[in-house]
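The block underneath contains the structure these notes are about, expressed in structure tokens.
None of the figures in this text is laboratory data; all of them are computed from the coordinates on show. It should be emphasised that the depicted structure is a prediction, and the values quoted were computed from it without experimental measurement. No Cβ is skipped: glycine too gets one built from the backbone with ideal geometry, and neighbour counts run over all protein chains shown.
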Amino acid sequence: MGVATREIRETPYLRGDPVFGSARAFRDDPLGFIESARREHGDFVRIRLGPYRVYLLLGPEHVEYLLQKNPGNYLKDGYEHNEPLTGRGLLTSEGDFWRRQRRLAQPAFHKERLRGMVGTMTDATEEMLERWRGHLGRGGERPLEIDAEMSRLTLSIVSRTLMGADVSGEASEVGRSLEHTLGYAFRRTGRFFNLPFGFPAPKNLRYMRAIRTLDTLVYSLIDERRGSGEDGGDLLSMLVRARYSETGEGMSRKQLRDEVMTFLVAGYETTARALAWAFYLLDQNPEEGRSLREELARVLGGRTPTYEDLPRLVYTRMFVQESMRLYPPVWGLARRAKGEDEIRGHRIPGGSRLIISSYVTHRHPAFWENPEKFDPERFTPERSGGRPRYAYFPFGGGPRQCIGVNFATMEATLITAMVAQRFGLSLVPGHPVEPQANITLKPRHGLPMVARDVVAG
Ligand code: HEM
């Protein structure tokens, strides 16, 4: 390890309570806690959460080390509470097994595939806008719940593009079941002791019921596709038809289920949150809103955007990037060290847990001037030039970077463009807005917004 020759730095230790360490402060307000640890102790801080030794890695160079330079020494942490939901899908699997699965899924996200998804994304958005017009037509001063609207839209898009079926209908229990299972898993991560999922406590029973609802749907999609042998040209077909080169066999039904479920889970709420925050920021920042609408008028002139328009929607894309800087849907990631390591002079014992937070690093004053200010032009090539790669990582990085990064960026750009050129959305006056670090970063009190048709007036 070169310990004798290299300087080992003392890592600041935030001791906290003698029994629980910093567990309570962390659980009550993780964002505030991590930010104050950074302010008071710097970019590399050791804490204790109950029995666990945990390191907070808050500088871009530490994040880069963990995600990109030596990811082989780190396992994903905290996902075990999602086991009944996502099983051994892409988000949670490790090692060679993960690598093989990732190789099978990757082609579904190639450029040509994405081009073919634009029409479905804009159709689904158009349907939502039609519904909003109907709402206004009925004298609707009643605000729209933008967070829920975006969840429904992105669930429709991810299921239509990747699985060829819209599972977002109002009658469908899918959205509710997904929300319930994710929320329950997140609450479990905040505790040191949890009953096993199999124990028949009422909460567990409710959780397992929601899983069964999702299973019924996902297995029926899989069985239908397997039965028909049809190539839908989407992710589901790709997974169903894939054969492992070593055995010539396809994936088991359970493995297909785990992968499909993973894509539903990973692919909708994240994008929905990014969009909800973008529309909140659009309302709060009229000057940047004007620049956005100027670009939309110039490039689209009221038309529905196409794939070819995307490179010209430069400001719209920066608007989305800047929204995800201030409100990154995945606000934190956790890892566990397999063996001992050294990160920039700090010793990490094997078995330690490590946490990085895009929310905190995205506001780090050493890398972001006036960090609280919403300013999409931070992302022009000139202004991004000198910034370290990992000052901004809403999609993670390294080999485990989000497989949906281009899908999500394209989707969010199209939806932002279509909504903004058609509607003004204003937050209900006096409504409190506060980010809550749930499994994704959500507006704690929702985002009720009144829609105004900016074309019809
Ligand atoms: C704005 C939207 C999104 C954000 C912010 C986001 C964020 C992330 C992040 C931070 C990771 C890394 C997790 C880790 O390292 O522990 C990740 C992984 C992943 N995401 Fe996304 N995601 C988004 C949209 C999507 C979409 C649309 C899909 C699918 C269509 C998707 C599928 C996945 C999958 C399967 C993984 C696991 C990849 C692997 O480990 O190989 N995500 N995402």
### Message
Sort 179-189, 256-266 by the packing proxy (mean of other Cβ within 10 Å over each peptide's residues), most packed first.
### Response
256-266, 179-189
### Query
Taking a 29 Å limit on the Cα-Cα distance, which of the listed pairs Lys76/Lys254; Lys203/Lys254; Lys69/Lys442; Lys373/Lys442; Lys338/Lys373 fall beyond it?
Lys69/Lys442; Lys338/Lys373
### Query
For labels at Glu230 and Arg209 in the simple 7 Å Cα→Cβ model, what's the distance in nm?
3.4 nm
### Task
Would you mind calculating the gained length between Asn370 and Gln284 on full extension (0.36 nm times residue separation, minus the Cα-Cα distance), in nm to one decimal?
29.3 nm
### Task
Compute the relative contact order of the chain as a whole-number percentage, counting only Cα pairs closer than 8 Å that sit 6 or more residues apart in sequence.
24 percent
### Query
What residue among Pro196, Ala278, Phe374 has its Cα farthest toward the positive end of the dipole of the chain, where the charges are +1 on Lys, Arg and -1 on Asp, Glu, each on the Cβ?
Pro196
### Message
Report the Rg/Rh value for the chain, based on alpha-carbon coordinates and the Kirkwood definition of Rh.
### Response
0.96
### Task
Work out which helices of the chain, taken as complete DSSP H runs, extend at least 24 Å along their axis over the Cα atoms and score a mean Kyte-Doolittle of -1.0 or more, then list them.
111-137, 146-163, 202-228, 253-284, 405-422
### Task
Return Thr413, Thr122 ranked ascending by Cβ neighbour count within 10 Å, so the fewest neighbours appear first.
Thr122, Thr413
### Query
Magnitude of the Cβ-charge dipole of the range 330-457, K/R +1 and D/E -1, about the Cα centre, nearest 20 debye?
400 debye
### Summary
Output ordering of 40-46, 127-133, 248-254 (per-residue mean of other Cβ within 10 Å, highest first) is 40-46, 127-133, 248-254
### Query
For the range 196-295, rounded, prolate or oblate, judged on the Cα gyration tensor with a ≥ b ≥ c (square roots of eigenvalues), a/c < 1.5 rounded, else prolate if a/b > b/c?
oblate
### Query
Just how large is the dipole of the range 13-453 about the Cα centre, in debye to the nearest 20, putting +1 at every Lys and Arg Cβ and -1 at every Asp and Glu Cβ?
1180 debye
### Task
Specify the inter-centroid distance of the range 320-388 and the range 245-264, based on alpha-carbon positions, in whole Å.
33 Å
### Query
What whole number of Å gives the distance from the Cα centroid of the range 105-136 to the Cα centroid of the range 280-300?
21 Å
## Note on the structure
Note on the range 35-165: alpha-carbon gyration tensor, axes a ≥ b ≥ c; rule is a/c under 1.5 for rounded, else prolate if a/b larger than b/c, else oblate; result oblate
### Task
Select from His62, Met449, Tyr13 the residue farthest towards the positive end of the dipole of the chain; place +1 on Cβ of Lys and Arg, -1 on Cβ of Asp and Glu, and compute about the Cα centre.
Tyr13
### Query
When ranked by the protection proxy of mean other Cβ atoms within 10 Å per residue, highest first, what sequence do the peptides 421-430, 446-455 form?
446-455, 421-430
